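Here the structure is laid out as C-alpha cells; the discussion comes afterwards.
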C-alpha cells in the first residue's frame with residue numbers, strides 16, 4: 001500500500017548505479033579527510049612515511065613460521081676471534097657467583113633436520129624443556145638453535161614461563177667438520193653426522209661466550225635428575241655410560257656400534273653430556289689423530305659418542321667422568 005505524497009524510490013539500473021557511485025564518493029572523501037588530519041598531526045617526514053606504510057600493511061589471519069634460508073647472514077655461531085671469545089668467557093665467569101645449569105639443543109626442521117617436522121619439533125621441545133624444569137631446583141636456561149622460531153614454546157606443560165634463548169639460523173652455517181668433508185665414507189647420512197658433530201662447536205662457543213657450564217641435550221631426551229648436583233660435586237666434565245644397560249657388564253661383544261669394542265660402561269650416550277673447554281680440546285685432538293692415522297683415515301660412524309667411548313677405552317678420558325661414578329645414587 002502506497003502513502004499519499006510519497007514518491008517511490010527509483011529502482012532502474014541507472015538510478016542504482018548513480019546511488020552506488022554517490023555513496024562511494026562520499027566514503028572516499030571521508031577517508032581522504034581522515035588521512036589528511038592524521039598526516040597533519042605527524043611532524044616529520046619519517047613519521048609520515050611510517051604511518052603510510054602501516055596503512056598499507058594488512059595483518060595475516062594466522063602467523064606463519066619463518067624459515068631461514070642459507071643466504072641469510074645469520075650464522076649459528078657468530079664469527080669472533082678465539083682470543084676474544086676466551087676473554088669474554090673469563091670476564092663473564094669472574095662476575096658469576098650462582099651456579100645455573102644451561103642446556104643447548106638443535107631444533108632444525110630442514111637440511112640435516114629433515115627427520116623432524118615443525119609440529120613434531122614443537123612438541124618435543126616443549127616436553128624436553130618441561131622435564132628439565134621439573135627435574136631442577138633452579139629453572140634452567142635452554143639455548144635452542146633452530147631454523148623455525150615458531151617451534152620455541154612460551155610455556156611449559158605445567159603452564160609456567162620458559163627460559164629459552166633461541167638462535168635462528170640455518171644448519172648449513174655451522175662449521176664444516178670431518179663428516180662434512182668425508183661425505184658418505186663414514187656414514188650413509190653424512191649430513192646428519194655432520195650436524196651431530198657440530199654439537200661440540202656450539203657448546204664450545206657458548207662456553208667461550210661466557211655462559212658457564214653447558215649441558216648438551218638432544219631434542220628427544222627427557223631428564224628426571226637435577227644435573228646441577230654433578231657440577232656441585234666439582235665435576236666440570238661428565239658423560240652418561242652404559243648405553244645398553246648394565247646387563248652388558250663384562251661383555252665387549254655387547255657393543256657393536258664403534259670401530260673397536262669398548263667396555264659396556266664406556267659405551268657412552270651422545271644425547272646428554274657436558275664437557276669443559278679442556279675436554280673439548282682433547283676431543284678435537286683425538287679426532288685429528290684418528291682421521292690422520294694411516295690405518296683409519298675416516299671418522300667413526302657415530303661421531304661424538306664414538307669419540308667419547310673410544311677415548312674412555314683408550315684412557316684419554318678418565319673413568320671418573322662417568323655420571324654414575326659422580327652421582328652413584330642414580331639408578332643405571
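Observations on the model:
- Here each label is just a point 7 Å from Cα along the line to Cβ, and for residue 166 and residue 319 those points are 4.5 nm apart.
- Cβ-Cβ FRET estimate between residue 301 and residue 114, R0 fixed at 25 Å, reported to 0.05: 0.85
- The fewest-to-most ranking of 268, 168 by surrounding Cβ atoms within 10 Å reads 168, 268.
- Comparing Cα centroids, region 310-327 and region 109-165 end up 30 angstrom apart.
- Length gained on full extension, residue 137 to residue 154: 4.1 nm, using 0.36 nm per residue less the C-alpha separation.
- Listed from fewest to most Cβ neighbours within 10 Å, the set 157, 109, 141 follows the order 157, 141, 109.
Each reported figure results from applying straightforward, stated rules to the coordinates on display, with no laboratory input. Keep in mind that this is a model prediction, so the values were computed, not measured. For neighbour counting, all protein chains shown are included, and Cβ atoms are generated from backbone atoms with ideal geometry for every residue, glycine included.
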